[in-house]
Amino acid sequence: MAAPVDVRRLSRRETEAAFDDLARLRIEVFRDFPYLYEGDFDYERRYLATYMASPGAVVIGAFDGATLVSAATASPLSDHFEEFAGPFAARGLDPADFFYFGESVLRQAYRGRGVGVRFFEEREKAAREAGFSRCVFSSVVRPTDHPARPAGYAPLDAFWTKRGYARIEGLATGFSWRDVGEAHETVKPMEFWQKTL
C-alpha cells in the first residue's frame, strides 16, 4: 500500500524555498499532452514570479516525506496575467470578483490517490478565507486530431464537472509557451471553467 501524501498550504517562506522544485514539477508534468510544454527555468522564473508578487496567492504542496511531489497554485484573478483577467473585463465581469486557480501539477505516480481533489478543496478554502465566492481556472484546448494526442487520452472534463465546475461558454483567451521540439513560443487557445462556492 502506498504511503500517505501530506497535502498542505505552503507559507510564503516555504514557497520561496521551494521555487526550483515548483519549476521542475511544472516542466516535468506539463511536458505531457495536452500542454506539451518545452519548459525552461527562465520561463518558469517569469511565470512563477507572478505568484510571488501577489499578496493573495497560495501554493498547495503535496509531500512524500520531505519531498515535494505535486503542487497547485491560486491567486486573485486581478493579480494574474492580463491574458487571463482581460477576457473577463472585456465581457463586463470584474476580475476582482474571481479567485483564479493556476496549475495542478501531479506526478504520474501520485495520481489516483486523492491529491487532485485535495488541491481543489484547499484552493476553494483559500478562496473563501479571502472573501471570494467565484473560482475560475483555464485549460488549454488542443484539436482532437493533434498528432501528439496519446491513444485513449481522456481530458479532465469529467473530473472538473464532478467537482462542480462548468465551462464558461464563449469566454476564451490565449497564452504563450514553447511546445516540445519547437524553437519559439506560440499562443495556445485556452478555455475557462468556473464554480460558485
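Within the listed set Glu38, Glu182, Glu16, the residue fluctuating most in the Gaussian network model of the chain (springs between alpha-carbon atoms under 10 angstrom) is Glu182. Simple point charges give the picture: +1 on the Cβ of Lys and Arg, -1 on the Cβ of Asp and Glu, and for region 137-197 a dipole about the Cα centre of about 300 debye.
Highest mean first, the peptides 122-128, 98-104 sorted by other C-beta atoms within 10 Å per residue fall in the order 98-104, 122-128.
Computed 3J(HN,Hα) for region 154-170, one whole-Hz value per residue from the Karplus formula 6.51 cos²θ - 1.76 cosθ + 1.60 where θ = phi - 60°, is 10, x, 8, 3, 5, 5, 5, 4, 4, 7, x, 9, 9, 5, 8, 5, x, glycine and proline marked x. With all protein chains kept in place, the per residue accessible area of the chain amounts to 50 square angstrom at a probe of 1.4 angstrom.
Just report the Cα centroid separation between region 53-98 and region 144-197, whole Å. The two parts, judged by their Cα centres, are 16 Å apart. Each residue of region 96-108 was assigned a 3J(HN,Hα) from its phi angle through the Karplus expression (A = 6.51, B = -1.76, C = 1.60, θ = phi - 60°), giving 5, 8, 10, 9, 9, 8, x, 7, 10, 10, 10, 4, 3 Hz with x at Gly and Pro. Under the convention that each Lys and Arg Cβ holds +1 and each Asp and Glu Cβ holds -1, the size of the dipole of region 65-156 around its Cα centre is about 500 debye.
Straight-distance candidates among the aspartates and glutamates for linking to Lys188, with alpha-carbon spacing under 13 Å and chain neighbours fewer than 8 residues away dropped: Glu83, Asp179.
GNM on the chain, alpha-carbon springs under 10 angstrom: the most fluctuating residue among Asp179, Asp42, Asp157 is Asp42. For a paramagnetic label modelled at 7 Å from the Cα of Arg46 toward its Cβ, which residues of region 66-96 fall within the zone defined by backbone nitrogen distances under 12 Å? Under cut-off, by backbone N: nothing.
Here the accessible area of the chain is 53 percent carbon and sulfur, with a 1.4 angstrom probe and all protein chains present.
Here the dipole of the chain is about 640 debye; that uses its Cα centre as origin and unit charges on the Cβ of Lys and Arg (positive) and Asp and Glu (negative). The candidates Thr50, Thr186, arranged from most to least accessible area with a 1.4 Å probe in the full protein assembly, appear as Thr186, Thr50.
The values are calculated or read from the model by the stated rules, or taken from the named source; none is laboratory data. Because the structure is predicted, anything quoted here is derived from the model rather than measured. Note that each Cβ is placed from the backbone with ideal geometry, even for glycine, and that neighbours are counted across all protein chains shown. Note: accessible area is taken over every heavy atom of the protein model, side chains too, but ligands, DNA and RNA are not part of it. Shrake-Rupley method; radii C 1.70, N 1.55, O 1.52, S 1.80 Å.
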